[in-house]
Structure formats: C-alpha cells, structure tokens
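*Asks:* Take a look at this one; I'll ask things after.
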Amino acid sequence: MGNTITKKSKSSQNTHVDSLATPKRLFDIHHMKTVMYADVVDDVKEKGYVAISHVWGDQNIYTAEELEIKGGVTWEIPLSNQDKISRTKNFMSQYKMKYCWFDVLCMPQGEHNQWQVNLEIPFMGDYYAGASIVAVLAAVEPVVSEDFGRWYYMMNDVANKERDFTTEEREWIYSHDKVDLLDVAKDKWFTRLWTLQEAVMAKNLIFACNNGENLNLLDIAAKIGWMTRLGVPQIRMFAGSGRLIADIDIARHNRTIKHVDLMQVMRESSMRDCFKPQDKFYGTLGVLGYKNFPVSYDINLDDLGKAIVKYAYSKGDISWLAVGENIGSGFIQPMDKPFSYIGWGWREEIPGICGIRLEDDMLQINAWPFAQVVHENIMRSSKARTAGDMYGIFKSWNLDIKDIITIITGFATMSDDEFEVVEAFLERDIGNHEAIQAVIAKFGPTVTDKYIGTFGGNISKTQVGIGGKITIIKAITQENRNIPLIVYGDAGIGDQIMLIRTIDAGNRMLGIVVDEYSKRKGVCLYEKIEMTKEEISLFIPQKFLL
C-alpha cells in the first residue's frame, strides 16, 4: 500500500479557476481558525486549497474550544469522530497545504443557520472543482492485497506505453478474478449521495487512510478503465469500486464530452444513500451547473422533481423525456428512486422544433401519431431476459428479421457479415444451435467473437437501466408497415406511438407511448427519419399532465 502514497505535484498549484464560485470561508490549518475567503484570496490563488470529503455518520456535538479551534467558528460542530480534525491537520501537513474547505467548519451549523447552508448548496460542486485536492477521510481502512502493487505497476506500464497485455499478464489477471486486490466495500463513502458530486467534480481525489498512507482514486479508476478498454472488465478485483467507476464516467462526460444530462446524474444519485430525501436532487446541482436553483427542504419530492425538470429544460436539457416506466399520474417520472431511461445526450433536432411548453401542471409538445400497437409482451429486465427471448417473440409475430435485429441492437450500423453473425447468435438462443456453428465455420471463431462483442455493446446501449418494466411490441405504422419496438414502461394493444423531433447521441428519435386518454405510458427508440414536408406537418401539439 505504501507504493500508492501520492505526493503533491507542482501541477496542483495555482488551480483556482476564476469562473467557479469560491467558498465564503476557508479553514486556516496553520492558525486553526476559519477565515473569510475574500480576506485571503491572493494567498489562496497562489497556494490552492484542499476540500474535505467525508461521511457525516452518527454525530456528536463539539464546541470549537473542545476541538482546539481558535477562531472564526461560532457554532457547535457536528462530527462523527473528533479525530477528523487531527486527520485533516496531518493530511494538510503531508501535502504542505495551508487552507481547506471543510463543511462543518466553513458553513454555520445548526437548524437556525440552515438558510445559510441552503444558499451555498448549489455552489458546493464549485468548491470541490476549485480545490487543488479533494481529500476523502476514510471511515474504514481499505483492505489491500499483497498483489495490488504488482497490478499497479503493471497498469502504469500498460497505460504509459499504450500497449496491450502480454499473454502472461492476462493469465495473471484472470488468475486473480476472485481475489480482491483492493477492497473498499465497507466504507460508506462510496455509497453516499453527496460524495457522488464530490468525486465527480474533483480534479485530484485522494483517499486518506488512518495510517497516513493514501490512495489516488482517480489514478486507480483510470487504470481499471484501461483494463476494460483492453477487454478485461475485472471490476470484481476491486470490491466496492463500482460506484467510483460510475462517478468517473460521469466526470469524463463532464470534462471531455462537455455534456452531462440530468438523467445520467439522477440515475446514479437515485442509488445513493442520504439523510434528507430532497438531497437526491440537491446533491447533483453542482455536477449539472444548476447554480440558481432554489434549495428548500419544505418541498415534497413530486413537486421538487417537477421543479428541477422545468429548470433543466430552461438550461436546454430534455433528457427527462426519455425516462421509462409508468409510475404516477403524470408525464414526469419519479427520479428519487432507481429508474430506467434510454439514450443520452438528447436534444431537439432543431432548437425549438418540439414546441415544448411547461406551464403549471401541463406539458405541451409537438408529436406525430406514428404507429399503433397491435401485439405486446411484457418483460421484466430484472429477470435478465436475453436478446434471444425478444428475438424469439418478435420472430413469432412474422416481423422482418432485419427490422428485428436493427431494433434489438439499438439501430446499429452493421455490415452484411456482422448482420449474419448476429442473426446466428440470436437463432442459437432460441434453440437453433446449428446457425452459430455455420457462421463460425464461415468466418472463424475470432471474427465471430468480434462481431458478437460489437452486438453485445449495441444491445447494452438500448437497454439502459435495470429492474424496470420492458414491453416488446408489434406496431403498425400509418403506412401499414409492421415494425418491432422495445418500450420502456407499459404498452397495450391500441396504444399510440408518438414520435417527437428529438435525437440522442446515437442519432435516434424518441417515441412516446400513450393510451386513448393521452396518458403517457412509456418510451421507445426509433431510427431518425428524413422527413418530407407532409410528414413534418403531421407533428401537432399534444398535451400531457406534468
């Protein structure tokens, strides 16, 4: 574990970004007092600051005097363990840092001060993004295998040289498939809601252990990412790291793709734990850049969900349209619990073309009644139904095989050879084992595996989310063409599929399933249609209860 101790590099200096909101207060560790940021701004710009990330846990209340804090803190301080102060001091000393942002020391605590905290909540993401280092105060010591160091240096070499694994390295990795090289599963930091934002926004994320040795979490996550890129997705070797990997994926979108949508962040936050249910929303504000969203803990979750959707739309985010299921009476689905959604990076085909209006309790959107459901079969994704299950049912409905495979693979662009392999793969799943043997004989096992791997990636892009209801349907278009569709949510015979002029990052349109009373029941993907003027005229305003 000593091999993973991180040293403060010169690059961590001068990391203040003027476009970020700055903390109102910082804690001066040298003088053990809280100072106003405005009074030390030049010093902070030169030296940077550390942001402390920790799990609040069951708190005891301390006075500033009991914690040997000499000034600036006029409120009682809630801490699950008073050694968080000494550990912070030790970390700051190790990294030669003077200032830190520590929520319990830099935001006035107590119910009578909650209004001040509420004002700062939308900017907390900036506080972590602006920090030179985000220090995670580990609550439980990680368990580090003796082989962790070997893996770490091997991955250093692989990443630095951008090379593949050798045969011996792959054999070694697979021999450790059920060995936890690093186990952080017992630390609640990886499961808490607010730490999602802190991990995503951090540019330098250090897991500070009680014994003074530290783990660079971003570095470890990047190395696990290299394994996945090289076809060795061995997250099982790192118990408890799954949430961190999800965090880093959101951060990657935020920093490189420059796009993180509401649903991408809310789906991850819905699986985290928090004390106040409203924090399922408020804990994501910094990631999304929602700095003007008002914070109140007196609002119920339904109203809060609608409010944040309206705010998201004002920022150009329409990802909430693609949430599946059919829960409640309105169009907007609950986002404080795990949910399924399809696609990502949703945008209007032409700005304003959808005519979206959110007024009071109504949503208006231009939609085209494109097709009607004539057959349906409800599945539960939690039962791990395979693509072969879908294929078998679609095939029994006498639908075009190419249409079926196009739908199941999420409208992937495939060569004729790839199509042939995928068809054989699906045929095998419904009992036609000779089909896959025939394509292996034709293409060889290596090419066949490659094509099936491509197919697997495409199906995962279609089936986003687990545990939700999936309905596969046969629909008939206005041109009397029978088509297969995968609906997230409910769909019944007679329901309408309404297309709206939105496209996702995969250049796919979004369909809304509605019943005879225009109640939204689910969503589906469809290939982008190059429309004639006549077809464009078919998009008319549709109203839904928000």
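*Asks:* Could you calculate the contour length gain from Arg163 to Asp400, that is, 0.36 nm times the residue separation minus the distance between their Cα atoms, to one decimal place in nm? Write down the numbers at each step before the final one.
*Replies:* Values: separation 237, 0.36 × 237 = 85.32 nm, distance 4.28 nm.
Here the answer is 81.0 nm.
*Asks:* How large is the dipole of the stretch 140-195 about the Cα centre if only Lys and Arg carry +1 and Asp and Glu carry -1, each at its Cβ, rounded to the nearest 20 debye? List each step's numbers first, then the result.
*Replies:* On the way: 8 positive and 13 negative charges, 66 e Å.
It comes to approximately 320 debye.
*Asks:* When Lys and Arg each count +1 and Asp and Glu each count -1, what net charge do the other residues less than 9 Å away from Arg508, Cβ to Cβ, add up to? Don't skip to the answer; put the middle values down first.
*Replies:* Numbers: positive: Lys528; negative: Asp504, Glu527.
Residues near Arg508 contribute -1 overall.
*Asks:* Order these by the 10 Å Cβ neighbour count, fewest first: Trp226, Trp194, Trp344, Trp368. Please report the intermediate quantities before stating the final value.
*Replies:* Values: Trp226 15, Trp194 26, Trp344 19, Trp368 23.
The order, fewest Cβ neighbours first, is Trp226, Trp344, Trp368, Trp194.
*Asks:* Using a ≥ b ≥ c from the Cα gyration tensor of the stretch 120-172 (square roots of the eigenvalues), is it rounded, prolate or oblate, where a/c under 1.5 gives rounded and otherwise the larger of a/b and b/c decides, a/b for prolate? Walk me through the numbers on the way to the answer.
*Replies:* On the way: a/c = 4.20, a/b = 1.97, b/c = 2.13.
Oblate, because a/c is 1.5 or more while a/b does not exceed b/c.
*Asks:* Just to confirm my numbers, what's the Cα centroid distance between the stretch 190-234 and the stretch 317-373 in Å?
*Replies:* 33
*Asks:* Rounded, prolate or oblate, given the Cα gyration tensor of the stretch 297-354, with a/c below 1.5 counting as rounded? Show your work: numbers first, answer last.
*Replies:* Numbers: a/c = 2.21, a/b = 1.42, b/c = 1.56.
Taking the square roots of the gyration eigenvalues as a ≥ b ≥ c, the stretch 297-354 is oblate.
*Asks:* Right, here's the next one. Label 7 Å along Cα→Cβ of Asn292; the stretch 349-368 residues with amide nitrogen under 20 Å?
*Replies:* 352, 356-360
*Asks:* Just to confirm the number: angle between the C-alpha axis of helix 445-462 and the first principal axis of the chain, 0 to 90 degrees, nearest 10?
*Replies:* 80
*Asks:* Summing -39500 (n - 2.57) over the DSSP H runs of n ≥ 4 in the chain and dividing by its residue number, what mean residue ellipticity at 222 nm do you reach, to the nearest 500 deg cm²/dmol? Display every interim value, and only then the final one.
*Replies:* On the way: 20 runs with 191 residues, N = 546.
Counting only the DSSP helices, I get -10000 deg cm²/dmol.
*Asks:* Points 7 angstrom from Cα along the Cβ direction at Asp83 and Met362: gap in nanometres?
*Replies:* 6.2
*Asks:* Sort Thr284, Thr477, Thr409 by Cβ crowding within 10 Å, fewest neighbours at the top. Walk me through the numbers on the way to the answer.
*Replies:* Working: Thr284 29, Thr477 12, Thr409 23.
Listed from fewest to most nearby Cβ atoms, that is Thr477, Thr409, Thr284.
*Asks:* Between Leu182, Asn326, Val232, whose Cα lies farthest towards the positive end of the dipole of the chain when Lys and Arg beta carbons carry +1 and Asp and Glu beta carbons carry -1, centred on the Cα centre?
*Replies:* The residue sitting farthest along the positive end of the dipole is Leu182.
*Asks:* For the residues Val374, Val200, Val158, Val104, what sequence is obtained by ranking on other C-beta atoms within 10 Å, fewest first? Can you show the working numbers first?
*Replies:* On the way: Val374 14, Val200 27, Val158 19, Val104 22.
Least to most surrounded, the residues fall as Val374, Val158, Val104, Val200.
*Asks:* Would you work out if the stretch 473-546 is rounded, prolate or oblate? Take a ≥ b ≥ c from the square roots of the eigenvalues of the alpha-carbon gyration tensor; rounded if a/c is under 1.5, else prolate when a/b is larger than b/c, oblate otherwise.
*Replies:* Details: a/c = 1.30, a/b = 1.22, b/c = 1.07.
It is rounded, given that a/c, with a ≥ b ≥ c, falls under 1.5.
*Asks:* Separate question: Distance from the Cα centre of the stretch 39-65 to that of the stretch 108-143, in angstrom?
*Replies:* 8
*Asks:* Taking the Cα centre of the stretch 164-210 as origin and charging only Cβ (+1 Lys, Arg; -1 Asp, Glu), how large is the dipole, in debye to the nearest 20?
*Replies:* Working: 6 positive and 9 negative charges, 91 e Å.
Its charge dipole is roughly 440 debye.
*Asks:* Note down the nm distance, to one decimal, between modelled labels 7 Å out along Cα→Cβ at Val41 and at Glu111.
*Replies:* Modelled inter-label distance: 3.7 nm.
*Asks:* Dipole of the chain (Lys/Arg Cβ +1, Asp/Glu Cβ -1, origin at the Cα centre): which of Leu399, Leu288, Asn118 lies farthest to the positive side?
*Replies:* Of the candidates, Asn118 comes out farthest on the positive side.
All of the numbers you see were taken from the coordinates with simple rules; none came from a lab. Fair warning: this is a prediction, and the values are worked out from it, not measured in the lab. Backbone-built Cβ (ideal geometry, glycine too); neighbour counts: all protein chains shown.
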